[in-house]
């Protein structure tokens with residue numbers, strides 16, 4: 001297991017989720033090397049790539065956690081509700097799989113960049 005760190009933005013996004021849903025989401029979010037190296041074995045995980053930049057996706061019920069891994073630490077960049085307006089706009093703008101759509105979406109990468117620039121908690 002890797003240590004999990006939330007930045008200010010993702011921490012605020014998690015805190016906006018009802019408490020019981022937060023607990024369920026956080027307890028299901030476990031990241032190890034196996035899921036990072038072969039996301040195809042666990043459908044909850046995916047990889048979004050663009051111009052050599054890679055971000056991982058974890059899917060749990062109605063939420064998506066987008067995270068990076070640096071020196072063995074999982075850094076949560078964004079936590080989005082699957083049906084949120086932002087998430088819907090990302091998914092509906094381009095054809096292909098969920099991860100392909102996000103990889104080609106400039107709006108998605110702007111969200112990720114905001115998360116990467118936010119202070120960690």
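The values are calculated or read from the model by the stated rules, or taken from the named source; none is laboratory data. What you see is a predicted model; the values in this text were computed from it and never measured. Positions of Cβ are generated from backbone atoms using ideal geometry, with glycine treated the same way; all protein chains shown enter the neighbour counts.
Closer than 14 Å to residue 78 by Cα, modelled with pLDDT of 85 or more and over 14 Å from the mean Cα position of the chain (by Cα): does that describe residue 16? In short, yes. Can you say whether residue 48 is farther than 14 Å from residue 112 by Cβ, buried (at least 20 other Cβ atoms within 10 Å of the Cβ), touching a residue at least 12 places away in the same chain (Cβ under 8 Å) and over 9 Å from the mean Cα position of the chain (by Cα), as far as the supplied structure shows? Spelling it out, it is not the case that residue 48 is farther than 14 Å from residue 112 by Cβ, buried (at least 20 other Cβ atoms within 10 Å of the Cβ), touching a residue at least 12 places away in the same chain (Cβ under 8 Å) and over 9 Å from the mean Cα position of the chain (by Cα).
Checked across region 28-46, the condition of being modelled with pLDDT of 90 or more and in a helix (DSSP H, G or I) holds for at least one residue.
Of all residues in region 82-109, those that are part of a loop (DSSP other than H, G, I, E, B), surrounded by 12 or more Cβ atoms within 10 Å (Cβ to Cβ) and modelled with pLDDT under 70 total 2.
So that you can scan it fast, the table gives a plain yes or no per residue for (1) more than 22 Å from residue 111 (Cα to Cα); (2) in contact with a helix residue (DSSP H, G or I) (Cβ under 9 Å, 6 or more places away or on another chain); (3) part of a strand (DSSP E or B); (4) at pLDDT 85 or above:
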{"residue": "5", "(1), (2), (3), (4)": "no, no, yes, yes"}
{"residue": "25", "(1), (2), (3), (4)": "no, yes, no, yes"}
{"residue": "64", "(1), (2), (3), (4)": "no, yes, yes, yes"}
{"residue": "80", "(1), (2), (3), (4)": "no, yes, yes, yes"}
